[in-house]
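Below is one structure; the comments refer to it alone.
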Amino acid sequence: MANGGSWSPLAIELSDINKSFGDVHANRNVSLTVVPGHIHGIIGENGAGKSTLVSILYGFYGADSGTIRINGETTTIRNSADAIGKGIGMVHQHFMLVPNFTVLENVMLGREGSLSVETGARKAREALNKLSQDFGLAVDPDMIVEDLPVGLQQRVEILKALFRGAEILILDEPTGVLTPQETEQLFDILRALRKQGVTILLITHKLKEIMAITDDVSVMRGGEMVAHLQTADTSPAELAELMVGRKVLLEVDHTPARPGAPVLDVQDLCLTDAAGIDQLKQISMTLREGEIVGIAGVSGNGQSELLDVLSGIMAPTGGHFTVGTNQITAERPSDPAELRDFGVAHVPEDRHKCGIVLPFSAAESMILGYSGGDEEDGGWWLSPSKLEESCAGRMREFDIRPPIPKLQSANFSGGNQQKIVLAREISTQPKLLLVGQPTRGVDIGAIEFIHKQLIALRNEGCAILLVSVELDEIMSLSDRILVMNNGQIVGELAREDADERALGLMMAGIGAEEKDAGSAKGAAS
Amino acid sequence: MADLWLQFLLTIDATLRVATPLILCAMAGIFSEKSGVIDISLEGKMLMSAFVAAAVATLTSSALAGMFAAIGVAIMLGLLHGLASITLRGNQVISGLAINILASGLTVTVGIAMFQQGGQTPNLARAERFRPIELPFAEQLGGIPIIGTIYREVISGHNILVWIALGAVLFTAFMLTRTRFGLRLRAVGEKPEALDSAGVSVARTRYLALIIAGILCGMAGAYLSTAHGSGFVREMTAGKGYIALAAMIFGKWQPRGALLACLLFGFLEAVASRLQGVELPLIGQAPVDLILALPYLLTVILLAGFVGKAMPPRAIGEPYIKER
Amino acid sequence: MSPPPPLPRWADVGLIPLINVFAALVVSGIVVAIIGENPFEAMMVMIKGAFVYKGSLGYTLYYATNFIFTGLAVAVAFHAMLFNIGGEGQAYLGGLGAGLTCLLLDSMLPAILLVPLAIMASAGFGAVWGAIPGYLQAKRGSHIVITTIMFNFLAASIMVWLLAGRLKAPGQMSPETRSFSENAELPFIHDIANALGMEMARSPLNLSFVVALLACVGVWVLIWRSRLGYAIRATGHSTKAAEYAGIPVSTIIIVTMAISGGLAGMMAINEILGVQHRTILGFTSGYGFTGIAVALMGRNHPVGIVLASLLFGALYQGGAELDFEFSTITREMVLLIQGLIILFSGGLAYMFNKPLAHLLGALLSQRDRTSHTEAGQNG
């Protein structure tokens, strides 16, 4: 395979990059070489150090040590301006767009060309038109960015980089917010860019994407670079093993479920948000005692909203759901405190923002959601010693380390924080447990523990609704799997019928009646 | 009838005089708040520059020297605010409040030490003040009904700072919408990381905004003590900085809206001072204090979203942190 | 520069406030020196004025009483991440509540009923004046900093209007109410001491000081020992977590602001029931703003607030002494010091934080190393 190394310098050459944040060694002796005109993937789990590495490359962070060579020249990149000057452009995971600016204003920001905006705008508009034609990147330059669908906003980010003369384009987790169709469109754009000689560095944790579009792939794990491979020579299995570090054994001791009486009944549940967008459309389902129902879907297709509504954080705008004998409707909404009384527990998707309060002690986080208290708990008052005592008990039971109830919640590792949440939610012996992303950012040991706990809870007769972006997790834990797309439930599979292919097709909305009409909106011809 | 007309014109004239420092300060507020820095230190900057303008004008016998010194000191305070809120990422409200209290203490302390007049500066002579500028033929044309009287009473006879204040509104509007700096300024107040990733320094842009705000506040202070008044009196800003802040919010952070709000608030103050001690039919003694409270009440009502919605810049008050 | 290790708690709570005060005093000292006076002499005058002269300690504690109330008010709101800079207006309205109660009832009720009623009225009026901005923040999204500023001015306007109008004592020129009857007075501490046979110099210190200390205990219990306090802190640290937990965030914001306003309103009992025995114009004198400095220095903890209030009480009382001893420096010096303290402990909070963390980190790790090597040698 020609890598061009003999006649043109490498586009990017990083050697021995180190970067620490406090005690966390985010990048350890990382080296990387990227061939010009290739699409080079960097794959790794959340927290493997991928984002830190590209942030160093783009001048957002300074490396503690190591050297950077761009097109064969050793350089220092102190800030974004330096990176732009070296022909590096970046599409961030969270877009760097001014929401109330037009596309044109966003593209020209920092590259206005002259002191007067008008003169600069004229030139920028011409350049934008040319780029649109060259790469098939059509966007109306006068649209306000916040009115555009996500896919088009990303396109603006790419245009921004190209407008600044980027020859090396970094994309950090670009597909996380995209629908499958938008992802396909993005890949078409990337292929077109490659044809024009642009070097692309694609950061992702999705194996499928690496296999679909990259020429080369580097694997990161725990802040280190563990492998450099040519995509054609590797397989998803090999990459997965490299990412995780050992053979993934996600097989849980999963006995057949014995579903009992219905616990949760959802009928035509709808949610329209403040902006008037339908987040949930006519959701119906039933959960029974002693079963785990998994919800699969690309993130952003209504799963988070479903959890919010079922836990009482948001009120439905149509339809109803029934927990036991209690019916919740738009007219008679509920709140999280009342639903807890009805026997609903909730492990939230965002542990740091919702699940615990970071500055609180573990003992205080251990009663989050249960601080209302009743008479025998001392009425209006709280006793820290009592809280710490009961917290210590749960810490033993769930093997939470370090077992110090007074320790600030922020000082526990991700896995132990998640165990605090789980311990709290399980020990109320709920009838229904809502679980969002139970193992996001959690180490392998804790994953196994958490999975075992969920199965055990099911065996005791609890109904569990599991939302996860990890298909493996969904498939290994669920008794039934529902697939969500665009705010709807588009299909159901029994545990034994579920495989990645079948789920993938359903998640992509293939076969669903409603096509994603939004993605075409705002695109200029 | 003619008397009523004259009364009306005099009120409008007074409105302009009263509104001038408000306008300058409100424009200063727009610059710093559009850049994402909360600026409740308008009051302190204005107070300090009012003192410095009068003190330097006394010492040098030059109103102009006083004004430049006032601008200098207001810029320094702006930079201090910047150090606290941009570089050290401190709390912007607290920093602004500190500057206000600091100004209260420092003006009186230094004033007493310098002039031994209980915190006041000596009365300024003619040459040490900004004088009214009589426009050509004001007296001759004043005889013409309506237009002539307007020309004589309202348009003519203002000092240069009144005109500068009105010019500052055009300047602010032009800067915000037509220039590169304005584009960056609006971006940094909405989404600083967008500007940063575009290779423009967030801190530099914000400091620049605070410096421009300092210049405008300095002129507002100079106006109070060396144009509108004839010397510094302790606490002479008397909450005008906060009224300017209210006017800026009332004008939804836009130069034109803020100008109109300043004129409205100025008008209320002019009316109130005309009504001082006047018996009104039905009400009796005119409730001057309540009229003076109207700007604050109106601002609260606007902020509560009962009439339209005032949307502040999205990133306001948040220090920009690049590293996590 | 690599990020410093986190500052140990004792340093954050104990050392940093001291450094901030020291820095403020140094800067003020420089100003005094520039003016041409001896800063150390001025310092001595202030210390003597605050603690040494006969009755001076009483004055210091009397000022401190005001600052405890307004400092607690700011602190309670801070725990819910609300910045209440409306203490001034809430205290002012508190004075209206106390005043109205006394004007209406001082000829009818005995002190034992009237005084508690007046205290409740001052807290109640302050609470309402705090709860309205709270409501506007919670339900209408109006920025609490701006609304509380506006409410300070609104309170001042209302008070001027009332005190110069309806509430003005007949035949009186100055804008104030008539004097209340003795039934409405909180006893002076020196009177109580004298009654108990102890010799004590006259000072405005009155029973409000005890009420203030009780309020400290109350706030401590509220924040760290009650379910409401838990909800307040959860809301303050993370609105999302509070929503997830089913804590009614809007209600908490309104209730917190009411408590905060009530505490600020109670400042009025020291001035109105304790000292003036009538409601006068401008009795709040900026003490509401001083409360912000007190809360910042006291790290929003009642114990810290008492200590910081003592410091500011001493500054105010000592500052008053400056007027007598010097012709060129006056009590406004104290405003300067206060502004600087707010600046150093609030706006410039991280200026000393980082270097100190580096320094302590280096010192501690060195000590660790030495102890390790010692352990190694021993083993």
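The values are calculated or read from the model by the stated rules, or taken from the named source; none is laboratory data. Given the structure is predicted, the values throughout are model-derived calculations rather than measurements. Every residue, glycine as well, gets a Cβ built from its backbone with ideal geometry; the counts of neighbours run over all protein chains shown. Each accessible area value is taken on the protein alone, full model and side chains, heavy atoms only, with ligands, DNA and RNA left out. Shrake-Rupley method; radii C 1.70, N 1.55, O 1.52, S 1.80 Å.
Key figures
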{"read-out": "Helices (runs of 4 or more DSSP H) contained entirely in the range B:140-250, each with at least 1 residues that are in contact with a Lys or Arg (Cβ under 8 Å, 6 or more places away or on another chain) and of a type in the set (D, E, K, R)", "value": "B:180-190, B:192-197"}
{"read-out": "Residue count for the range C:319-364, restricted to those that are within 7 Å of chain B (Cβ to nearest Cβ), open to solvent by 10 Å² or more (accessible area, probe 1.4 Å) and over 21 Å from C:Ser285 (Cβ atoms)", "value": "4"}
{"read-out": "Selection from the range C:223-259 of residues that are within 11 Å of chain A (Cβ to nearest Cβ), hydrophobic (A, V, I, L, M, F, W, C) and open to solvent by 30 Å² or more (accessible area, probe 1.4 Å)", "value": "C:Trp224, C:Leu228"}
{"read-out": "Those residues of the range A:120-135 which are open to solvent by 50 Å² or more (accessible area, probe 1.4 Å) and either at the interface with another protein chain (Cβ under 10 Å from one of its Cβ atoms) or closer than 19 Å to A:Ala166 by Cα (or both), in sequence order", "value": "A:Lys123, A:Arg125, A:Glu126, A:Asn129, A:Lys130, A:Gln133, A:Asp134"}
{"read-out": "Close pairs (6 angstrom Cβ cut-off, 6 or more residues apart or separate chains): over 16 Å from B:His228 (Cα atoms) in the range B:150-167, outside any helix (DSSP H, G or I) anywhere", "value": "B:Arg152/B:Gly142"}
{"read-out": "Single condition B:Phe137 does not satisfy, out of (1) under 20 Å from the mean Cα position of the chain (by Cα); (2) surrounded by fewer than 24 Cβ atoms within 10 Å (Cβ to Cβ); (3) aromatic (Phe, Trp, Tyr)", "value": "(1)"}
{"read-out": "Top-ranked residue in the range A:95-153 [being in contact with a strand residue (DSSP E or B) (Cβ under 8 Å, 6 or more places away or on another chain) and without any contact (Cβ under 8 Å) to a residue 24 or more places away in the chain; ranked as nearest to A:Asn79 (Cα to Cα)]", "value": "A:Leu115"}
{"read-out": "Every pair of residues 6+ apart whose Cβ atoms lie under 8 Å, when the first sits in the range C:317-343 and is at pLDDT below 90 while the second is acidic (Asp, Glu)", "value": "C:Phe326/C:Glu37; C:Thr328/C:Glu37; C:Ile329/C:Glu37; C:Thr330/C:Asp323; C:Arg331/C:Asp323"}
{"read-out": "Flag if A:Ala456 is small (Gly, Ala, Ser) and surrounded by fewer than 19 Cβ atoms within 10 Å (Cβ to Cβ)", "value": "yes"}
{"read-out": "Of residues in the range B:189-215 being more than 14 Å from every other protein chain (Cβ to nearest Cβ) and open to solvent by less than 10 Å² (accessible area, probe 1.4 Å), the one nearest to B:Leu88 (Cα to Cα)", "value": "B:Arg206"}
{"read-out": "In the range C:153-185, the residues that are within 14 Å of chain B (Cβ to nearest Cβ) and open to solvent by less than 20 Å² (accessible area, probe 1.4 Å)", "value": "C:Leu154, C:Ala155, C:Ser157, C:Met159, C:Leu163"}
{"read-out": "Where B:Glu279 falls short, out of the listed (1) surrounded by 15 or more Cβ atoms within 10 Å (Cβ to Cβ); (2) over 15 Å from the mean Cα position of the chain (by Cα)", "value": "(1)"}
{"read-out": "Test: residue in the range B:255-274 that is assigned to a loop (DSSP other than H, G, I, E, B), β-branched (Val, Ile, Thr), open to solvent by less than 60 Å² (accessible area, probe 1.4 Å) and away from chain C (no Cβ under 14 Å)", "value": "no"}
{"read-out": "Check on B:Ala125, in contact with a helix residue (DSSP H, G or I) (Cβ under 8 Å, 6 or more places away or on another chain) and among the hydrophobic types (A, V, I, L, M, F, W, C)", "value": "no"}
{"read-out": "Looking only at the range B:77-103, and only at residues there that are within 17 Å of the chain's Cα centre (by Cα) and open to solvent by 10 Å² or more (accessible area, probe 1.4 Å), the one that is nearest to the other protein chains (Cβ to nearest Cβ)", "value": "B:Asn100"}
{"read-out": "Residue list for the range A:427-440, filter: buried (at least 22 other Cβ atoms within 10 Å of the Cβ) and within 14 Å of A:Leu457 (Cβ to Cβ)", "value": "A:Leu432, A:Leu433, A:Leu434, A:Val435, A:Pro438"}
{"read-out": "Top-ranked residue in the range A:179-193 [being closer than 13 Å to A:His38 by Cα and open to solvent by less than 70 Å² (accessible area, probe 1.4 Å); ranked as nearest to the chain's Cα centre (by Cα)]", "value": "A:Leu190"}
{"read-out": "Residues that are among the polar types (S, T, N, Q) and either within 14 Å of chain C (Cβ to nearest Cβ) or on the phi > 0 side of the Ramachandran plot (or both), drawn from the range B:115-168", "value": "B:Gln116, B:Gln117, B:Gln120"}
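Rundown of residues vs (1) in contact with a strand residue (DSSP E or B) (Cβ under 6 Å, 6 or more places away or on another chain); (2) farther than 30 Å from C:Gly55 by Cα, yes/no style:
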| residue | (1), (2) |
| --- | --- |
| C:Ala234 | no, yes |
| C:Ile259 | no, yes |
| C:Ala264 | no, no |
| C:Gly274 | yes, no |
